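Data block below; observations after.
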Amino acid sequence: MSVEEKTIIGAGLAGLSAASVLSNNGYKVNVIERGPSVGELRGQDFQVIRNYGKDLNFLDSLKEYGININHRQPIRKIVKYAPSGKSMEVSSDNGPLFYVIKRGQDESSLDRQLCDSLNKKNVEFEFNRNAHISGDIIATGPILRNITGFGYTFDGIDVDPEKILLFMDNDYAPKGYIYLAPFGKHSASVAAVSFDLTYNLKMLLDRFLEKNKVIREIIKNYKHKESFTGYAYSNYPETAKIAGQLFVGSVAGFVEAARGFGVKYSILSGIFAAKSIIQNLDYDVLWKDAFGKELKEGLNRHFLLASLNNDGYEKLLLGDKIGIGQYEKVPESISSFLKHIILTKELKDWQQQYSLEKMFK
Ligand SMILES: Cc1cc2nc3c(=O)[nH]c(=O)nc-3n(C[C@H](O)[C@H](O)[C@H](O)COP(=O)(O)OP(=O)(O)OC[C@H]3O[C@@H](n4cnc5c(N)ncnc54)[C@H](O)[C@@H]3O)c2cc1C
């Protein structure tokens, strides 16, 4: 019997997840990557993966697909800051709220851990090749862009390894936020994310690092800092199968639009694309069933947050300490902002404006 061959363009999280499932099911896989090795083109940063609500034990659930993520930092608290400096601590009784993972080429990065899950006998990498968008699975990361981030990874600092900090302030991260994600006691990424690409985030973040007392205190004795930057693309596409090719991860728009989380969707869509090939299933049905509703909710939350000014951010703080259940709800005090937003229309306009399908026609 002849062995089936498949080509994947891009060796990021989505491409590697697809390659893992295909290679472990006997397919020969060619992975084309424009960088010189896995994770090398991006700077090293720490990213967060949600572990509450529907995402509880997400990383463990990947074991079913032969994917083991061992290097991860459990996070037990989020502290959210309003522009005035007022803060709210969020915690849970039900295990870690998040895991922080490393990205990049380091051996303990998520990228490299996904690589370890491949059946190496069945996978060939072609590095240093900037391929055309033509393959069975397209996993190139964003071609269209509507989210941007700029940050630094600091080493040699003293930081609480179980706490993420989140700052909402339109003076420093307009239409977005600034976060600190620790990895161990002595390293953390601090980055600004915005859903408006017109701002100079580096300048705004540098100013924030100088002015913000909480962050200043944490990073004051850093030994080394390295910058990272990047884009993401968020949408709810009607289809992620274009001209017979399966689009996975952030090239398809699979990034949550309120917070910019895309790791989970990249891994899942890579798995689903492989599964649809192996079992001859409809890829669109698989991803829509698993996270279509979440993507739409993320977009609606984005429309709400993007309409808030700094006073609105103050109202997002519901008390000094709250549980995670309360954190997820839109507070009543700001739900009046929602009234002028016609969510279905906003969603349709967004889908049109950022249509990948239209671009490939
Ligand atoms: C600053 C920043 C912070 C973020 N923080 C978080 C976070 O905390 N949590 C979270 O869940 N998400 C976060 N995200 C989003 C997350 O990084 C992405 O959703 C995720 O990396 C997308 O994975 P991917 O596999 O689709 O693409 P990528 O990881 O971008 O991989 C794409 C790969 O394809 C290669 N490639 C591109 N074009 C070609 C070509 N033509 N030929 C060959 N190879 C090609 C690239 O070199 C790359 O290796 C963040 C994004 C940014 C920018």
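Could you tell me which trypsin sites (Lys or Arg not before Pro) in segment 181-237 are loop residues by DSSP with no more than 13 other beta carbons within 10 angstrom of their beta carbon? Each step should come with its number before you reach the end.
Working: sites: LYS185, LYS202, ARG207, LYS211, LYS213, ARG216, LYS220, LYS223, LYS225; in loops: LYS185, LYS220, LYS223.
Loop-located and lightly packed - LYS185, LYS220, LYS223.
Restricting attention to the chain, close to 65% of DSSP beta bridges with both partner residues there are antiparallel. With coordinates expressed along the principal axes, the C-alpha atoms belonging to segment 171-322 extend over 55, 36, 34 Å, beginning with the largest. The Cα center of segment 8-41 and the Cα center of segment 73-150 differ in position by 15 Å. For a straight C-alpha distance cut-off of 12 angstrom, no aspartates and glutamates are reachable from LYS120 once same-chain residues fewer than eight places away are disregarded. Over the chain, the reciprocal of the mean inverse Cα-Cα separation, the Kirkwood hydrodynamic radius, stands at 21.0 Å.
Between ASP320 and THR239, how high is the FRET efficiency from 1/(1 + (r/R0)^6) when r is the Cβ-Cβ distance and R₀ = 45 Å? Nearest 0.05. Spell out each step's value before the answer.
On the way: r = 46 Å, r/R0 = 1.02.
Efficiency for this residue pair is about 0.50.
How far is it, in nm, from the label point at ARG76 to the one at ARG216 when both lie 7 Å from their Cα along the line to the Cβ? Distance between label points: 3.0 nm. GNM on the chain, alpha-carbon springs under 10 angstrom: the most fluctuating residue among SER87, SER194, SER250 is SER87.
Work out the length of the dipole vector of the chain about its Cα centre, built from +1 on the beta-carbon of each Lys and Arg and -1 on the beta-carbon of each Asp and Glu, and round it to the nearest 20 debye. Walk me through the numbers on the way to the answer.
On the way: 46 positive and 43 negative charges, 68 e Å.
Once rounded to the nearest 20, the dipole reads 320 debye.
In order along segment 345-356, the Karplus-derived 3J(HN,Hα) couplings, from 6.51 cos²θ - 1.76 cosθ + 1.60 at θ = phi - 60°, round to 5, 4, 5, 4, 4, 4, 4, 5, 4, 10, 7, 5 Hz, and Gly and Pro are given as x. Per-residue Karplus couplings for segment 283-289, computed as 6.51 cos²θ - 1.76 cosθ + 1.60 with θ equal to phi - 60°, are listed in order as 4, 4, 5, 4, 6, 5, 4 Hz, Gly and Pro entered as x.
A simple count of charges around ARG112, restricted to other residues whose Cβ falls under 14 Å of its Cβ and scoring Lys, Arg +1 and Asp, Glu -1, yields -1.
Counting each pair of different Cα atoms once, what's the Kirkwood radius of segment 85-142 in Å, rounded to one decimal? Spell out each step's value before the answer.
Details: mean 1/r = 0.0632 Å⁻¹.
It is 15.8 Å.
Inter-part distance, segment 205-234 to segment 44-64, computed on C-alpha centroids, equals 24 Å.
How big is the dipole moment of segment 87-222 about its Cα centre under a simple scheme where the beta carbon of each Lys and Arg is +1, that of each Asp and Glu is -1, and everything else is neutral? Debye, nearest 20, please.
So the dipole magnitude of segment 87-222 works out to roughly 280 debye.
Just so you know, all these numbers are worked out from the coordinates, no wet-lab data involved. This is a predicted model, so every value here is computed, not measured. We place every Cβ from the backbone using ideal geometry, glycine too, and count neighbours over all the protein chains shown.
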